[in-house]
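Trainee: Quick one: this structure, given as structure tokens, is what I'll be asking you about.
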Amino acid sequence: MNLFKYSRRLSLIVLATILYGCASQPIPPVGTNGKLRMGLYKGSPTSILPGKTFEDSKGVGYELGRLFADNFDYAYSPIIFEKNADVLAAAKQGRVDMIFTNVSPERADDFAFSKPILKIEKGYLVGSQRGIQNMADIDVPSRKIGVSEGSSSQKELAKVIKYAQIVTTTSMTSAIAMLKAGRIDAFSSNKAILYEMSDSVPGTRVLPDVIGYESMSIGLPKERAAAIPKINDWIDGAVQQGQFNEMVKNSGLRGIPLTK
């Protein structure tokens with residue numbers, strides 16, 4: 001064997017050894033005391049749609065957490081809240097280990113995020129008999145537009161709605177009740193939530209207009225940011241195996257493409 005071939009083979013062996021070492025390194029701590037406490041909120045197929053038992057429940061965040069726990073030998077402990085703002089507060093207080101939420105500059109100050117997993121359209125769900133045909137009918141003085149308290153949508157709507165009244169809601173359940181009672185004319189969120197809500201309120205419809213997007217990622221407390229590169233590797237593997245596509249299908253998300 002000549003010197004060039006020997007050197008090339010030796011380089012390949014060294015590279016393979018390095019790559020194997022990186023791949024075999026354990027993931028830095030994510031859970032607490034052997035448990036993965038996954039923060040979830042009710043009413044969204046991107047988080048959790050509770051069933052009678054956890055086994056009957058569905059939702060991308062719920063299934064994602066369970067898959068992650070299984071892959072990295074954590075006992076899975078889903079913790080459920082009424083709204084996403086409650087999940088974020090619990091994560092800041094160290095009461096949950098992992099979240100699955102849309103990324104914003106404000107949230108990036110408090111959490112370390114993985115690469116995006118889902119990209120979801122945002123829009124409006126309009127009530128029946130409210131006279132709203134399109135976007136032009138939304139921002140008028142007589143309208144009341146609902147939005148989840150503490151959500152990124154609340155901050156964004158405040159910048160674009162000039163004439164309609166913005167009404168905050170404390171949960172998806174309260175938003176549905178307000179739509180049914182006519183106390184709000186429309187509700188703004190991501191369309192995964194809006195379609196889920198529309199199933200519960202006959203006569204409502206999701207406007208086809210897109211007012212923005214939510215980029216959904218795994219979030220960890222900043223002090224556990226060292227685990228993010230390994231989580232990104234895990235995401236790549238799960239995407240290649242079609243596992244996130246299966247979660248989307250199981251959760252009933254409509255028209256939500258996986259980001260590549």
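Trainee: Let me know the Kirkwood hydrodynamic radius for the chain, please, with Cα pairs as the basis and the value in Å to one decimal.
Mentor: Its Kirkwood hydrodynamic radius stands at 19.9 Å.
Trainee: May I ask for the angle, rounded to the nearest 10°, between helix 228-240 and the longest principal axis of the chain, with both axes built from Cα atoms and the value confined to 0 to 90°?
Mentor: The helix 228-240 is inclined about 80 degrees to the chain.
Trainee: If I fit a long axis through the Cα atoms of helix 3-24 and take the longest principal axis of the Cα atoms of the chain, what angle between them do I get, 0 to 90°, rounded to 10?
Mentor: Result, in degrees: 40.
Trainee: Could you tell me the ratio Rg/Rh of region 116-260? Both radii from Cα atoms, Rh via Kirkwood.
Mentor: A ratio of 1.04.
Trainee: Starting from the Kirkwood radius over alpha-carbon pairs of region 196-242, derive D by Stokes-Einstein at 25 °C in a medium of 0.890 mPa s and give it in µm² s⁻¹.
Mentor: Rounded, D is 169 µm²/s.
Trainee: May I ask you to give the solvent-accessible area per residue for the chain, in square angstrom, as obtained with a 1.4 angstrom probe?
Mentor: Ligands and nucleic acids excluded, the figure is 51 Å² per residue.
Trainee: Hey, what did region 140-229 get for relative contact order, percent, Cα under 8 Å, at least 6 apart?
Mentor: 26
Trainee: Also, quick follow-up: What is the magnitude of the charge dipole of region 155-260 about its Cα centre, with +1 placed on the Cβ of each Lys and Arg, -1 on the Cβ of each Asp and Glu, and no other charges, expressed in debye to the nearest 20?
Mentor: 240
Trainee: Tilt of helix 60-71 relative to the longest C-alpha principal axis of the chain, in degrees (0 to 90, nearest 10)?
Mentor: 20
Trainee: Using the Cα centre as the reference, give the magnitude of the dipole from point charges on the C-beta atoms of the chain (Lys, Arg: +1; Asp, Glu: -1; all else neutral), rounded to the nearest 20 debye.
Mentor: 340
Trainee: Residue separation times 0.36 nm, minus the C-alpha to C-alpha distance between residue 58 and residue 209: what's the value?
Mentor: Contour length minus Cα-Cα distance gives 51.6 nm.
Trainee: Then there is this: Placing +1 on the Cβ of each Lys and Arg and -1 on the Cβ of each Asp and Glu in region 133-204, which of 202, 165, 148 has its Cα farthest towards the positive end of the resulting dipole?
Mentor: Value computed over the given set: 165.
Trainee: Just to make sure I understand: if all protein chains stay in place, what is the order of 213, 124, 163 by accessible area at 1.4 Å, largest first?
Mentor: My answer, sorted largest first, is 163, 213, 124.
Trainee: How much of residue 135 can a 1.4 Å solvent probe reach, expressed as accessible area in Å² and rounded to 10?
Mentor: Surface accessible to solvent at residue 135 totals approximately 60 Å².
Trainee: If all Cα-Cα distances of region 136-206 are sorted into 10 Å bins from 0 onward, what percent lands in each bin, rounded to whole numbers?
Mentor: Whole-percent P(r) values from 0 Å outward: 20, 59, 21, 0.
Trainee: With a 1.4 Å probe and every protein chain kept in, tell me what percent of the accessible surface of the chain is carbon plus sulfur.
Mentor: Its accessible area is 53 percent carbon and sulfur atoms.
Trainee: Could you compute the net charge surrounding residue 112? Neighbours are other residues with a C-beta less than 11 Å from the C-beta of residue 112; K and R count +1, D and E count -1.
Mentor: Result for the local shell: 0.
The values are calculated or read from the model by the stated rules, or taken from the named source; none is laboratory data. All of these numbers come straight from a predicted model, not from anything done at the bench. In this analysis, Cβ positions are derived from the backbone assuming ideal geometry, glycine residues included, and neighbour counts consider all displayed protein chains. Protein only, heavy atoms only, side chains kept; ligands, DNA and RNA dropped before computing areas. Shrake-Rupley method; radii C 1.70, N 1.55, O 1.52, S 1.80 Å.
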